[in-house]
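Only one structure is covered here, and it is reproduced in the block below.
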Amino acid sequence: MNDKLFQKLLNYYRIDENGFQAITSPIDENTFAKGHNFDNMPQAVEMVKDVMKANGKILVYGDYDADGVMGTSILVKMFKYLDYPVAYYVPNRYEDGYGLTNKKALEAIQNQVSLVITVDNGITAFEPIETLKKQGVKVLIIDHHQAQETLPIADYIIHPILSHFGDIPSSGAFTAFMFSIAFLNRFDKYLSTLAAISLISDIMPLKEYNRNLLRLVIANYKEREFFQIDALKEEEPFNEVTIGLKIAPKINAIGRLIDGDDINRLVEFFTNDDKSELLHYISWINGVNEDRKTASKNASETLENISLGEPAVIFITEAKEGLLGLIANQLVNKYQVPCMVFAKDKTGDLLKGSCRAPEGFNVVEAFQNLSQHLLVFGGHASAGGCTLEVGKFEQFKNEFLQLVKNTPLEKVVKEEIPIGITDVNEDSYRLIQAFSPFGEAWPSPLLSLKRIDTTSLFFSRDEKHILTQIGSNTRLTGFNFSRTDVQKSRFIDVTGHLRINTYRGFKNVEFIISQFSRSDKS
């Protein structure tokens with residue numbers, strides 16, 4: 001083992017050798033959440049079972065993103081294991097909007113539903129839940145979103161923070177999975193896999209119980225055990241990278257593009273066992289995902305001529321509402337300033353907006369400062385959404401630009417681990433992977449190589465990519481770094497990550513360059 005690199009990794013993650021043993025020790029199904037229990041879980045389980053004993057109708061109400069779909073699927077599959085049929089509904093982004101609505105609450109009453117279980121929503125659904133309770137409908141909220149000072153009058157709320165499970169946020173589907181353990185009195189491997197996907201898709205911090213569940217699921221995943229997951233990941237290994245790049249985007253594509261109840265077919269896909277039907281569903285999912293790629297590409301191409309004459313990018317587009325976040329994300333990656341993209345809703349009276357920002361700018365705080373112009377808003381530090389009236393756009397835009405101008409971005413310096421060219425090898429890659437899975441609050445370590453002689457670099461035929469063999473099975477690879485730009489300096493420093501690339505039976509360890517800069521000693 002490379003002892004120097006190991007010590008650097010320990011320092012990077014602020015742990016010692018005992019801490020390393022703690023994060024790498026094997027996790028089993030009985031101990032992954034040891035010491036953590038939800039308040040009111042036994043009572044909530046008992047309430048649901050009482051409704052089942054009375055043969056009452058149950059409705060599971062979810063959300064249109066990957067976390068909401070995974071959470072809905074976990075609960076529906078949980079009931080299927082007990083042969084108890086339940087109704088479920090995943091709202092449509094364009095018709096229903098986010099969360100349980102009063103309209104859907106009234107429909108549930110009309111359909112004589114005895115119990116509504118919200119998953120990945122509900123913690124702010126005050127009016128719909130009050131409507132249900134007035135008619136004697138029981139309500140169980142399984143959610144993870146930030147609560148207000150007062151809570152809805154649900155019978156029970158299962159929430160990682162509010163229910164004192166822990167102090168680290170988790171996903172709606174993780175919370176639903178924990179409910180399934182208490183309800184079924186067992187750990188179900190398939191349901192745990194759905195929950196693990198949500199941890200990555202909803203960018204949950206990979207610490208404690210979140211990290212332990214993801215580690216457990218990745219370690220125990222077997223090919224050809226779960227057809228749905230195999231189909232989504234294709235030939236890639238099941239890990240946090242594949243979830244983030246392959247699986248979650250396909251699930252989210254449906255919620256972004258589908259305008260109608262067809263999004264509920266996703267729940268059928270994750271809870272069905274008929275392979276012929278599953279093949280039909282995966283074909284549909286892949287088709288919509290390709291449409292998402294095309295629509296996103298077309299939308300981003302129309303933005304090529306944006307001139308950055310202001311401290312932020314903010315405008316109205318003709319793109320579908322479900323693509324706004326993707327477009328804003330592309331823009332912030334390109335310009336490294338706060339970016340807001342709006343689209344008109346179906347009525348033409350309202351604008352739905354999505355904002356993304358680089359580190360150092362807080363999106364939600366910005367919305368709070370401009371809340372007098374907004375009908376609704378929410379999100380996180382780096383991403384959020386809002387709704388405003390069309391007539392208020394110009395005023396909002398001017399004040400948003402002024403706010404950004406008055407809020408200088410705090411430059412965030414990312415910590416690096418310096419290594420040498422000889423450290424680019426499979427042993428180093430394996431050692432780094434021992435600290436995985438990587439994600440929010442536990443990033444993949446950023447590695448740096450100093451003072452690379454640019455005259456020694458080889459480029460692709462079109463001279464747009466660095467493709468340099470540095471050993472018998474090691475390479476230095478940089479995509480979209482042209483010879484012209486790179487060789488402006490004799491020596492450069494590069495940052496990036498290690499990966500293993502297998503092609504036609506040949507294995508290469510690659511240092512993938514993410515950024516380069518002129519070496520201080522050039």
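The values are calculated or read from the model by the stated rules, or taken from the named source; none is laboratory data. Every value quoted in this text rests on a predicted model; they were computed, and no experiment measured them. Cβ placement follows ideal geometry from the backbone for every residue including glycine, while neighbour counts extend to all protein chains displayed. All accessible areas refer to the heavy atoms of the entire protein, side chains included, with ligands and DNA or RNA removed. Shrake-Rupley method; radii C 1.70, N 1.55, O 1.52, S 1.80 Å.
Details
- Residue 191 meets each of the listed conditions (1) crowded, with 21+ Cβ neighbours inside 10 Å; (2) more than 25 Å from residue 25 (Cβ to Cβ); (3) at pLDDT 95 or above apart from (2).
- Only listed residue being in a helix (DSSP H, G or I), at pLDDT below 95 and open to solvent by 60 Å² or more (accessible area, probe 1.4 Å), chosen from 520, 485: 485
- Residue match in the stretch 490-504 (condition: among the polar types (S, T, N, Q) and closer than 27 Å to residue 217 by Cα): yes
- From the list 400, 367, 396, the one residue that fits, being in contact (Cβ under 8 Å) with a residue 60 or more places away in the chain and either open to solvent by less than 20 Å² (accessible area, probe 1.4 Å) or small (Gly, Ala, Ser) (or both), is 400.
- Condition check for residue 319: part of a helix (DSSP H, G or I) and crowded, with 18+ Cβ neighbours inside 10 Å: no
- Of note, residue 85 does not satisfy the criterion of being open to solvent by 60 Å² or more (accessible area, probe 1.4 Å), in contact (Cβ under 8 Å) with a residue 24 or more places away in the chain and more than 19 Å from residue 263 (Cα to Cα).
- Taken together, 431, 449 contain a single residue that is touching a strand residue (DSSP E or B) at 6+ places or on another chain (Cβ under 6 Å), at pLDDT 95 or above, crowded, with 16+ Cβ neighbours inside 10 Å and of a type in the set (A, V, I, L, M, F, W, C), which is 449.
- When the stretch 488-507 is filtered for residues that are assigned to a strand (DSSP E or B) and at pLDDT 90 or above, the ones remaining, listed by number, are 491, 492, 493, 494, 495, 496, 497, 498, 499, 500.
- Residue within the stretch 35-54 that is in a helix (DSSP H, G or I), under 28 Å from the mean Cα position of the chain (by Cα) and surrounded by fewer than 19 Cβ atoms within 10 Å (Cβ to Cβ) present: yes
- The residue that is farthest from residue 303 (Cα to Cα), among those in the stretch 333-387 that are of a type in the set (A, V, I, L, M) and at pLDDT below 90, is 376.
Condition check ((1) more than 22 Å from the chain's Cα centre (by Cα); (2) of a type in the set (Phe, Trp, Tyr); (3) not in a helix (DSSP H, G or I)) across all residues:
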| residue | (1), (2), (3) |
| --- | --- |
| 351 | yes, no, yes |
| 358 | no, no, yes |
| 361 | no, yes, yes |
| 364 | no, no, no |
| 368 | yes, no, no |
| 372 | yes, no, no |
| 386 | no, no, yes |
| 391 | yes, no, no |
| 396 | yes, yes, no |
